[in-house]
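The values are calculated or read from the model by the stated rules, or taken from the named source; none is laboratory data. Everything numeric in this text was worked out from a predicted model, so none of it was measured. All Cβ positions, glycine included, derive from the backbone under ideal geometry; neighbour counts span all protein chains shown.
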Amino acid sequence: MPTPLFTALPTATVRAFQAGGPDANGQPPERVLAEGAGNPCRHCLQMIEPGAPMLILAHRPFPAPQPYAEVGPIFLHAERCAAAAPSPDLPAILASPEYIVRGYGADHRIVYGTGGVVARAGIAARAGELLADPGIAYVHVRSARNNCYQCRVERG
């Protein structure tokens, strides 16, 4: 079974948003101050500290629009942060009890039958099982409550 590597959004994508570039809806990211402890940055894969400037924007973590290319809200640090290196360790942003784990094919479409709600402790194992299938190109981890994109998982 391949080692799953949790990966962050590409730095070039994040820097464009931090510079005010349009989101998936063609709008500039909203700049706000983080409130509470539930604001995961999809670039450094750390929680944004309460009171820190952050961006809220619509993101499509796919190369092009198509029926399966979901768009949803994400948070990013408003100021530059370092990208998290791909790692087999669960990112700090995965702090909830459970998440949706779902496989996608090389065509960037959902591979039916792969999605499910998984307890936090089982995310890496489930991602590894999915990535053992040659028909799965990558895996998304999404919030179990709102389906928000958290990170991508690739073969190590």
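Numbers below:
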| quantity | calculated |
| --- | --- |
| Any hit, the range 14-29, residues being of a type in the set (A, V, I, L, M) and within 26 Å of Gly105 (Cα to Cα) | yes |
| Filtered residues of the range 111-135 (kept if part of a helix (DSSP H, G or I) and either under 21 Å from His59 (Cα atoms) or not hydrophobic (A, V, I, L, M, F, W, C) (or both)) | Arg120, Gly122, Arg126, Gly128, Glu129 |
| Breaking point among (1) within 28 Å of Pro29 (Cα to Cα); (2) surrounded by 15 or more Cβ atoms within 10 Å (Cβ to Cβ); (3) over 14 Å from the mean Cα position of the chain (by Cα); (4) basic (Lys, Arg), for Arg152 | (3) |
| Per-region count, the range 51-101, residues among the aromatic types (Phe, Trp, Tyr), surrounded by 15 or more Cβ atoms within 10 Å (Cβ to Cβ) and in a loop (DSSP other than H, G, I, E, B) | 1 |
| Selection status of Gln150, in a strand (DSSP E or B) and either farther than 21 Å from Gly20 by Cα or in contact with a strand residue (DSSP E or B) (Cβ under 6 Å, 6 or more places away or on another chain) (or both) | yes |
| The range 1-10: number of residues that are in a strand (DSSP E or B) and either in contact with a Leu (Cβ under 8 Å, 6 or more places away or on another chain) or hydrophobic (A, V, I, L, M, F, W, C) (or both) | 3 |
| Scan of the range 102-135 for residues that are without any contact (Cβ under 8 Å) to a residue 40 or more places away in the chain, surrounded by 21 or more Cβ atoms within 10 Å (Cβ to Cβ) and more than 14 Å from the chain's Cα centre (by Cα), ordered by number | Arg126, Leu130 |
| Close pairs (6 angstrom Cβ cut-off, 6 or more residues apart or separate chains): closer than 17 Å to Cys151 by Cβ and outside the structural domain of Arg42 (by TED's automatic domain parsing) in the range 56-69, crowded, with 16+ Cβ neighbours inside 10 Å and among the acidic types (Asp, Glu) anywhere | none |
| Residue tally, condition out of contact with any Lys or Arg (no Cβ under 6 Å at 6 or more places or on another chain), of a type in the set (Val, Ile, Thr) and over 16 Å from Arg155 (Cβ atoms), over the range 111-126 | 1 |
| Residues of the range 11-31 that turn out to be acidic (Asp, Glu) and part of a loop (DSSP other than H, G, I, E, B), as a count | 1 |
| Failed item in (1) in contact (Cβ under 8 Å) with a residue 40 or more places away in the chain; (2) out of contact with any strand residue (DSSP E or B) (no Cβ under 8 Å at 6 or more places or on another chain); (3) on the phi > 0 side of the Ramachandran plot, with Leu45 passing the rest | (2) |
| Single residue of the range 136-147 satisfying the filter (free of Cβ contacts under 8 Å to residues at least 60 places away in the same chain and in a loop (DSSP other than H, G, I, E, B)) that is surrounded by the most Cβ atoms within 10 Å (Cβ to Cβ) | Ile136 |
| Residues within the range 32-46 that are surrounded by fewer than 19 Cβ atoms within 10 Å (Cβ to Cβ) and not in a loop (DSSP other than H, G, I, E, B), tallied | 2 |
